[in-house]
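One structure is given below, encoded as structure tokens.
Values in this text are rule-based calculations from the coordinates and carry no lab data. All figures in this text were calculated on a predicted structure; none of them were measured in a lab. Neighbour counts are summed over all protein chains in view; Cβ atoms, including those assigned to glycine, are modelled from backbone coordinates with ideal geometry.
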Amino acid sequence: MLRPTRMRAAHSISPWLAVARAFSGDTMRSLLQRTLRARVSFSADTVTTFVALACVFAFAPAAFGQGVPQTDDEKAFYSIGVSITANFEKVKPISDRELDILIQGVRDSVQGQTLAVEQQEGATLFRAMVERRQAAAAELELEGAANFIEAEAAKKGAKTTESGLIYTELRAGKGQSPTAMDKVRVHYHGMLRDGTVFDSSVDRGQPAEFPLNRVIACWTEGVAMMQEGGKSRLVCPAEIAYGNRSTGRIPAGAALAFEVELLEILK
């Protein structure tokens with residue numbers, strides 16, 4: 001599991017302006033409201049997506065009401081709406097009121113209206129909100145993670161190391177054990193504490209290769225305890241995984257579980 005790197009948004013706002021005229025505000029709002037329900041952390045990386053969606057709302061006339069898409073074009077636009085909302089996994093929950101205020105801010109700006117909040121003040125408030133939501137989400141996740149870690153440590157065959165790693169051998173290997181300086185070829189299945197798979201070389205059908213000194217600490221330690229040909233379960237507290245930051249589908253403060261098969265040490 002490689003250490004996370006910061007990703008930039010792949011799209012600018014402008015492509016969505018062409019989409020805007022095909023949506024009514026009510027239709028897009030309905031799509032969003034059905035998806036923005038679960039609690040996860042708030043990240044500033046999703047601001048571009050917010051603005052793109054809000055521009056759709058701001059420019060969209062009441063072309064049609066809510067309902068099931070009928071034509072091929074309507075189905076295509078519906079799919080665009082669904083794909084855009086996938087980017088909101090890091091910003092849930094958003095209330096209906098907050099969503100309406102977001103849309104109103106873009107409309108006021110685009111239409112040249114007097115802004116209800118001065119931009120510099122808004123930027124300060126935004127940063128504070130991000131910090132609050134990240135902290136609250138991480139606190140909730142850490143509480144659940146603590147219970148998960150306790151249950152995993154009590155399972156038969158589980159060994160807890162000084163770092164907090166819970167190591168369970170599923171199949172003994174017969175080869176050598178890697179060092180932190182080695183590169184390894186592995187198959188792995190990465191899961192959240194509720195069993196949700198967030199990454200899997202097994203599902204992709206393609207083994208992964210990692211230098212053990214460039215992955216999360218849990219992997220550096222855990223894989224080094226294995227032998228070639230072996231398979232183990234690594235349960236990683238947040239402190240030796242991704243800490244109090246979210247990355248991809250992994251929420252801040254998350255404890256993670258990996259089933260790892262060490263295929264080969266690549267010298």
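In table form, for the structure just shown:
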| read-out | value |
| --- | --- |
| Residue in region 145-156 that is on the phi < 0 side of the Ramachandran plot and touching a helix residue (DSSP H, G or I) at 6+ places or on another chain (Cβ under 9 Å) present | yes |
| Residue among LEU266, LEU262, LEU192 that alone is among the aliphatic types (A, V, I, L, M) and either free of Cβ contacts under 8 Å to residues at least 40 places away in the same chain or in contact with a Gly (Cβ under 8 Å, 6 or more places away or on another chain) (or both) | LEU262 |
| Filter result (over 30 Å from GLU143 (Cβ atoms), of a type in the set (Gly, Ala, Ser) and in contact with a helix residue (DSSP H, G or I) (Cβ under 8 Å, 6 or more places away or on another chain)) within region 170-223 | SER177, ALA180, ALA208 |
| Matching residues in region 235-250 - criterion: being assigned to a loop (DSSP other than H, G, I, E, B), on the phi < 0 side of the Ramachandran plot and in contact with a strand residue (DSSP E or B) (Cβ under 8 Å, 6 or more places away or on another chain) | ALA241, TYR242, ARG249 |
